[in-house]
Amino acid sequence: MRRPQRRALAKQSRAKDGDEIRLLEAWIDAGKPLPGTKPPPPSEESSAANARARARDVVAKAAAGDYSDYGASTRFDELPLSKKTKDALRKAGYKEMSEIQRAALPHALCGHDVLGAAKTGSGKTLAFVIPVIEKLYREKWSQEDGVGCIILSPTNDLAGQIWEVVRKVGKHHNFSGGAIVKRTGIEQEKERINSLNILVCTPGRLVQHFDETPNFDCSNLQILVLDEADQILDKNFKSQVDIILSQIPKARQTLLFSATQTKSVKDLARVSLKNPEYISVHEQASTATPDNLEQCAMIVPLEQKLNMLWSFIKRHLKSKILVFLSSVKQVKFVYEIFKKLRPGIPLKCMHGRMKYEVQQAIVAEFSESTSVLFSTDIFSRGLDIGNVDWVVQVYLCLKN
Ligand SMILES: Nc1ncnc2c1ncn2[C@@H]1O[C@H](COP(=O)(O)OP(=O)(O)OP(=O)(O)O)[C@@H](O)[C@H]1O
């Protein structure tokens, strides 16, 4: 008896999705922003209660066929998004959009290619994760359709972090996906990669699958995202990115995000952007770092550097400190010596020769506790760790 009931429910839910998709498509088309437009500054008059009422009104009107322009929205619930996505965003505590999200989401939702730049920590991840999920939802993507989206990240850690955001925002949808990183082992990945809809991975790992996984197929790809695009497009990843681009369809949506915007015509031609929207929300800012970040430099004779670092740590025993060193050898050396000297604060170290699971455990511990983490630059891009008091670059290259 149960099975027919379940089938009937599934049918009902598909029909509901179909109605919602038709409404979203009509709304997206009717209310889309004109190419090249930016949202006006948000008005300060409205209270949270007013804003919620306005969002309800917008959605009710859309259901009645009166589609509003959504390019000036300030809240996620004013956008033409599926109920499943809106519910997940609300549960995760996301209500008001950040500046880059306000500027990029309306263009990305209506299918434009986007080249977005905004300071680190400004919310770029949601600005590409939401359009990815919505596009696949509106395309009624399912496991049988295979890989629908690839999100490229320069590091495994960042890929893992992006995947967590995809999971959070897509938790009421039925897409499959995962962070294709060293953690799982290539053989296990090969068995399931063709059934994943959203892949978050480094260029290197993806190329390995193109080389080694029989029948690995991305010919249906709908959307390609490059996070930290400036780094993915630089010479270190060039050969890998070229292979990836040769294996995916040119007719797709492409979203590029980073803290600084690449304007190199060559780069943009490589990724075949079509009439991209250039969105740069912190153009006037003098640095790509947040305004409340204070930065200073000290010139210290080489032979004094470790003493100076030791004194710094001893004077900040109640702080969370991230120390960047320039090689695995240095990280191991400084960590071992300082550990023996017992500064009075827990010490940790991390570098690319450690297993991925060990790195993840160290990041998790560091996120939770007051401690000092010595690391190479594997840790330098895009990771979201709260409450870090100090970042110390011990061997700063002054030329750069
Ligand atoms: N609209 C929002 N409301 C509240 N918090 C948000 C919003 N958007 C993003 N955040 C939070 O802000 C933090 C930084 O977001 P995110 O990692 O996406 O920034 P980023 O611009 O990608 O930074 P980076 O350049 O360092 O990768 C995260 O903790 C995220 O959950």
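Annotations for the structure displayed:
- The single condition from (1) within 16 Å of the ligand (Cβ to nearest atom); (2) open to solvent by 10 Å² or more (accessible area, probe 1.4 Å); (3) farther than 19 Å from residue 104 by Cα; (4) at pLDDT 90 or above that residue 159 fails is (2).
- All positions within region 129-151 that are crowded, with 21+ Cβ neighbours inside 10 Å and in contact with a strand residue (DSSP E or B) (Cβ under 9 Å, 6 or more places away or on another chain): 129, 131, 132, 133, 136, 141, 147, 148, 149, 150, 151
- For region 79-110, a residue qualifies if it is over 11 Å from residue 169 (Cβ atoms), more than 17 Å from the chain's Cα centre (by Cα) and crowded, with 22+ Cβ neighbours inside 10 Å, and the qualifying residues are 79, 80, 106, 107.
- Verdict on residue 138 being among the charged types (D, E, K, R), in contact (Cβ under 8 Å) with a residue 24 or more places away in the chain and within 10 Å of the ligand (Cβ to nearest atom): no
The values are calculated or read from the model by the stated rules, or taken from the named source; none is laboratory data. Computed from a prediction, not measured in an experiment: that's the story for all the values here. Positions of Cβ are generated from backbone atoms using ideal geometry, with glycine treated the same way; all protein chains shown enter the neighbour counts. What goes into the accessible areas is simple: the full protein's heavy atoms, side chains included, and nothing from ligands, DNA or RNA. Shrake-Rupley method; radii C 1.70, N 1.55, O 1.52, S 1.80 Å.
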